[in-house]
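My questions will all concern the structure given below.
The values are calculated or read from the model by the stated rules, or taken from the named source; none is laboratory data. What you see is a predicted model; the values in this text were computed from it and never measured. Every residue, glycine among them, receives a Cβ derived from its backbone with ideal geometry; neighbour counts consider all protein chains shown.
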Amino acid sequence: MRNYEKLMSYALRILSKKRYTHAEMLNKLGAFSKKRGLADAEIEPVIQRLFELKYLDDKKYAEDFILSKLRMKPAGKFFLKGKLRLKGINAEIIDSALSDADLDEFNLAIEALGAGKRRWGKYPLRKQREKAFRFLASRGFASDAIYKAIEKCYDLSG
């Protein structure tokens, strides 16, 4: 039982500084137990207890992550999905969180273009549109949202 207490103490200490997903916590506890010579089998009861205490909740983590990222700078679903996948969150949970967030990619793309439009103003219109497209694609927006946002923000008759 002493090893359980060590693992739990470590888990609570790192959780006090930052939130973790289930996969991230498994990695952290795995590295900690390996360094201390503990058995991997001792990690599972700690993980279970963290879930019981609601310190680990991938669904809530994904929802909060999406809202936090969108507040800092607008991004598309592909970008958000990729970031959450890297954190080890299950695809169904990601899809559920994205659908709950009810993202309007068109308006988010227009918002993202705001600063870029000023930066690219010195270029010819065609070059501005190309830069806008690449910028929005790099932020993970769907192509239909990109085209609509560019059409709205730039005069396509030129």
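Cβ-Cβ distance below 7 Å, separation of 6 or more or different chains: which pairs start in the range 59-77 with a residue that is free of Cβ contacts under 8 Å to residues at least 60 places away in the same chain and end on one that is in a helix (DSSP H, G or I) and of a type in the set (Asp, Glu)?
As it stands, the answer is 63/100, since those pairs meet every condition given.
Here's something else I'd like to know. Determine which member of the set 141, 106 is outside any helix (DSSP H, G or I) and either touching a residue at least 60 places away in the same chain (Cβ under 8 Å) or among the hydrophobic types (A, V, I, L, M, F, W, C) (or both).
That would be 141, the only listed residue that is outside any helix (DSSP H, G or I) and either touching a residue at least 60 places away in the same chain (Cβ under 8 Å) or among the hydrophobic types (A, V, I, L, M, F, W, C) (or both).
Right, something else. Looking at the range 113-123, is at least one residue of a type in the set (A, V, I, L, M, F, W, C), surrounded by 14 or more Cβ atoms within 10 Å (Cβ to Cβ) and closer than 17 Å to residue 141 by Cα?
Yes, that holds for at least one residue.
Need the failing condition index for residue 88 against (1) at positive phi; (2) outside any loop (DSSP other than H, G, I, E, B); (3) of a type outside the set (Ser, Thr, Tyr), just the number.
Going through (1) at positive phi; (2) outside any loop (DSSP other than H, G, I, E, B); (3) of a type outside the set (Ser, Thr, Tyr) one by one, residue 88 breaks only (2).
What number of residues within the range 87-146 are among the β-branched types (Val, Ile, Thr) and in the same structural domain as residue 67 (by TED's automatic domain parsing)?
Residues in the range 87-146 being among the β-branched types (Val, Ile, Thr) and in the same structural domain as residue 67 (by TED's automatic domain parsing): 3 in total.
Tell me, yes or no, whether the range 21-39 has at least one residue that is in contact (Cβ under 8 Å) with a residue 12 or more places away in the chain, surrounded by 10 or more Cβ atoms within 10 Å (Cβ to Cβ) and of a type in the set (Asp, Glu).
yes
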